[in-house]
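Undergrad: Sharing a structure here in structure tokens format.
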Amino acid sequence: MADFLKIDEVLNHLDLREDMMAAEFGCGSAVFALHLAKKLSKGRVYALDIQEEKLSALRGKAAVEKLNNIFTTHCDLEAPKGSKLQVSSLDIVLIPNVLFQSENRRAIIEEAKRVLKTGGQLLVIDWLAQGPGGPKHGLAKPDEVKKIAGSLGLSMKKEFAVGNLHYAIIFIK
């Protein structure tokens, strides 16, 4: 993902302070969590994934980069309270390239809302279209994501393209 997404450019769309609490839902290789940990030097970044091996690899990368503010959690984000995080505890939740592979997109967005503080920012990034390197099916189209978020009481702040293959939407709780 890092090869075709300019992570810092994407993160520049968020209102960040170094003491914020953030999470990357479905972190995989955790490129966003690593970048966020550097920007939120006085905060915490939670990296959540259903695959323990991804979290183990991230712990190794964080140690090499001397990032002590990344905390990993093995979890199922589609389960009720699946993130295992406290209600209203985060300033930012990122959901990058996760929804297209989810069976219950609403549950993941609902969990993001649950853990966000009032005024917190939710950044959803996903595939615009099927194509080389992308999903063959299951696209989470922007209109579907906006409809789910809106039905949960989240307000859209900004929508923008991320390269030619992805869209991003920032919602506010």
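Undergrad: Tell me whether the stretch 37-52 contains one or more residues that are in a helix (DSSP H, G or I), within 14 Å of the chain's Cα centre (by Cα) and surrounded by 15 or more Cβ atoms within 10 Å (Cβ to Cβ).
TA: Within the stretch 37-52 (the criterion being in a helix (DSSP H, G or I), within 14 Å of the chain's Cα centre (by Cα) and surrounded by 15 or more Cβ atoms within 10 Å (Cβ to Cβ)), the answer is yes, since at least one residue qualifies.
Undergrad: Take the residues of the stretch 104-147 that are among the polar types (S, T, N, Q) and more than 15 Å from the chain's Cα centre (by Cα): which is farthest from residue 5 (Cα to Cα)? Before the answer, list the steps.
TA: First, the residues of the stretch 104-147 that are among the polar types (S, T, N, Q): 104, 118, 121, 130.
Keeping just the survivors that are more than 15 Å from the chain's Cα centre (by Cα) gives 104, 118, 130.
Details: 104: 25, 118: 28, 130: 16 Å.
Filtering the stretch 104-147 for residues that are among the polar types (S, T, N, Q) and more than 15 Å from the chain's Cα centre (by Cα), the one farthest from residue 5 (Cα to Cα) comes out as 118.
Undergrad: Residue under question is residue 117, and the condition is that it be touching a residue at least 40 places away in the same chain (Cβ under 8 Å), within 28 Å of residue 38 (Cα to Cα) and of a type in the set (Lys, Arg); does it hold?
TA: In short, yes.
Undergrad: Answer with yes or no whether residue 119 is surrounded by fewer than 20 Cβ atoms within 10 Å (Cβ to Cβ) and modelled with pLDDT under 95. Break it down into steps so the answer makes sense when it comes.
TA: Numbers: surrounded by fewer than 20 Cβ atoms within 10 Å (Cβ to Cβ): yes; modelled with pLDDT under 95: no.
So residue 119 does not fit the description; no.
Undergrad: Mind listing just one residue for me: the one in the stretch 4-20 that is of a type in the set (A, V, I, L, M, F, W, C) and closer than 17 Å to residue 124 by Cα and, of those, surrounded by the fewest Cβ atoms within 10 Å (Cβ to Cβ)?
TA: As a first pass, look at the stretch 4-20 and keep what is of a type in the set (A, V, I, L, M, F, W, C): 4-5, 7, 10-11, 14, 16, 20.
Subsequent filtering for residues that are closer than 17 Å to residue 124 by Cα retains 4-5, 7, 10-11, 14, 16.
Numbers: 4: 11, 5: 19, 7: 16, 10: 20, 11: 19, 14: 19, 16: 17.
Here the residue is 4.
Undergrad: Further question on the same structure: Can you tell me which of 103, 53, 65 is out of contact with any Cys (no Cβ under 9 Å at 6 or more places or on another chain), closer than 25 Å to residue 165 by Cα and free of Cβ contacts under 8 Å to residues at least 40 places away in the same chain?
TA: Result of the check over 103, 53, 65: 103.
Undergrad: Residue 22 - would you say it is under 25 Å from residue 118 (Cβ atoms) and in contact with a Cys (Cβ under 8 Å, 6 or more places away or on another chain)?
TA: So residue 22 fails the test.
Let's see how each residue does on (1) in contact with a helix residue (DSSP H, G or I) (Cβ under 6 Å, 6 or more places away or on another chain); (2) of a type in the set (Lys, Arg); (3) in a helix (DSSP H, G or I):
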residue	(1), (2), (3)
10	no, no, yes
13	no, no, no
28	yes, no, no
57	no, no, yes
72	yes, no, no
82	yes, no, no
91	no, no, no
95	no, no, no
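Undergrad: For the structure I just gave you, tell me whether residue 100 is within 24 Å of residue 118 (Cβ to Cβ) and surrounded by 13 or more Cβ atoms within 10 Å (Cβ to Cβ).
TA: It is false that residue 100 is within 24 Å of residue 118 (Cβ to Cβ) and surrounded by 13 or more Cβ atoms within 10 Å (Cβ to Cβ).
Undergrad: Now, a different point. Among residues belonging to the stretch 58-86 that are small (Gly, Ala, Ser) and buried (at least 16 other Cβ atoms within 10 Å of the Cβ), point out the one that is nearest to the chain's Cα centre (by Cα).
TA: Within the stretch 58-86, the match that is nearest to the chain's Cα centre (by Cα) is 83.
Undergrad: Kindly list the number of the only condition in (1) β-branched (Val, Ile, Thr); (2) within 17 Å of residue 23 (Cα to Cα); (3) in contact with a helix residue (DSSP H, G or I) (Cβ under 8 Å, 6 or more places away or on another chain) that fails for residue 148.
TA: (2)
The values are calculated or read from the model by the stated rules, or taken from the named source; none is laboratory data. Predicted model only: the values in this text are computed from it and were never measured. As a convention, Cβ positions derive from the backbone with ideal geometry for all residues, glycine included, and neighbour counts pool all protein chains shown.
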